[in-house]
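Reviewing the structure listed below.
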């Protein structure tokens, strides 16, 4: 190896593992926060409890969050980011519009253990945001994002001729958003009544019904 | 007044005001519990905090609930009882089936300040039940009751010829339940996006769409 290449390697290399490590660490910490919230509730998710859960010191956690407010913000942000990333991947995978949009919406539903964890945390923090203005702003932004996406889904289905052309797109976006979040609440709180296959079936039936003629 | 009648009056009278007083006291205490939950969150709703809110002693509260578990159970029970009582009154008021069933379902939605308080408490306790098995049982029973009612609504609309005869009643009951609870969550968390008139409109559109031919 030439000395110059070696120097270049030394200068360049550390930044890549650092980014990878930071992302992995962020995910590990978020999962520690989620475990505490899911096991003991939002109120119990203090910086101290999360440090214990993650097997680290409170000092080391300060880089990520200094207060419980920041910790809950962090936990909610990760839920939204992960659902968004999966949704984008599902959208990019292509296929017929109705099937593709159904798959994107399914990424917000608790259809496996990962999404179940996210949905439980989302529900806990959605309720907590009723008494926590700092969290309410983040909850409102993520709700507005999903709501806008639901409206886009309806518009896309109309444009593709899958849904009826005379639908009230705004009202149907609101109704689809209610179905998606209602199913999310029921699938985490009533998992035996609403297992993943049934949850999918109800959502698929809703999209299909948008094509029914009056 | 004859002595016998006087004696009878004395024996009988006290029980009526007692019942009325007990019911009023129960309601006052529930509202004190709700105020604490809505203002400070479920975790802050201790027996001590509720006694302070209600302007009474912890000893006096023991008649109603001795622990926070019992207090939260009490708060959730009252939400369910009040929605059920209003729903029964709306059902008894008569009228065409579609309009009547819509009015009954509306009693579970946060369309005024009273129902908004109930829905906020329901949402807070539904989330709390994820980490509280004692509360989970009550949440499951009340969810099962609303779910069964949604299925009955669909069946009644089919029987009355308002909804399509070939509907999958169980699936549509599940979908209606999702719409109702999804709207409830959104109307308390996004009140400016989903004011009462819009909430009603989306629910009415859902019931109307059950009559659309495929």
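The values are calculated or read from the model by the stated rules, or taken from the named source; none is laboratory data. In this text the structure is predicted, and so the values were computed from the model without any measurement. In this analysis, Cβ positions are derived from the backbone assuming ideal geometry, glycine residues included, and neighbour counts consider all displayed protein chains.
The table below lists the values:
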read-out	value
Residue within segment A:170-180 that is modelled with pLDDT of 95 or more, within 10 Å of chain B (Cβ to nearest Cβ) and farther than 15 Å from residue B:205 by Cα present	yes
Failed condition for residue B:211, given (1) more than 7 Å from every other protein chain (Cβ to nearest Cβ); (2) at pLDDT 95 or above	(2)
Output for segment A:144-182, where each listed residue is closer than 20 Å to residue B:214 by Cα, assigned to a helix (DSSP H, G or I) and out of contact with any helix residue (DSSP H, G or I) (no Cβ under 8 Å at 6 or more places or on another chain)	A:159
Condition broken by residue A:130, with the remaining ones in (1) outside any helix (DSSP H, G or I); (2) within 13 Å of another protein chain (Cβ to nearest Cβ) satisfied	(1)
Residue in segment A:98-113 that is in a helix (DSSP H, G or I), surrounded by 16 or more Cβ atoms within 10 Å (Cβ to Cβ) and out of contact with any helix residue (DSSP H, G or I) (no Cβ under 7 Å at 6 or more places or on another chain) present	no
Test: residue in segment A:82-92 that is in contact with a helix residue (DSSP H, G or I) (Cβ under 6 Å, 6 or more places away or on another chain), away from chain B (no Cβ under 14 Å), at pLDDT 90 or above and outside any helix (DSSP H, G or I)	no
Evaluation of residue B:131 against (1) under 23 Å from residue B:42 (Cα atoms); (2) crowded, with 20+ Cβ neighbours inside 10 Å; (3) over 13 Å from the mean Cα position of the chain (by Cα) (one fails), failing number	(2)
Candidate set from segment A:188-201 (those that are closer than 14 Å to residue B:136 by Cα and in contact with a helix residue (DSSP H, G or I) (Cβ under 7 Å, 6 or more places away or on another chain)); member that is surrounded by the most Cβ atoms within 10 Å (Cβ to Cβ)	A:188
Residue in segment A:115-134 that is at pLDDT below 95, touching a helix residue (DSSP H, G or I) at 6+ places or on another chain (Cβ under 9 Å) and over 26 Å from residue B:122 (Cβ atoms) present	no
Search result, residues across segment B:38-78 that are within 15 Å of residue B:138 (Cβ to Cβ) and within 14 Å of chain A (Cβ to nearest Cβ)	B:42, B:68, B:69, B:72, B:75, B:76
Selection status of residue B:162, surrounded by 15 or more Cβ atoms within 10 Å (Cβ to Cβ), more than 12 Å from every other protein chain (Cβ to nearest Cβ) and out of contact with any strand residue (DSSP E or B) (no Cβ under 8 Å at 6 or more places or on another chain)	yes
Residue within segment B:105-126 that is over 30 Å from residue A:41 (Cα atoms), under 17 Å from the mean Cα position of the chain (by Cα) and either within 7 Å of chain A (Cβ to nearest Cβ) or touching a residue at least 60 places away in the same chain (Cβ under 8 Å) (or both) present	yes
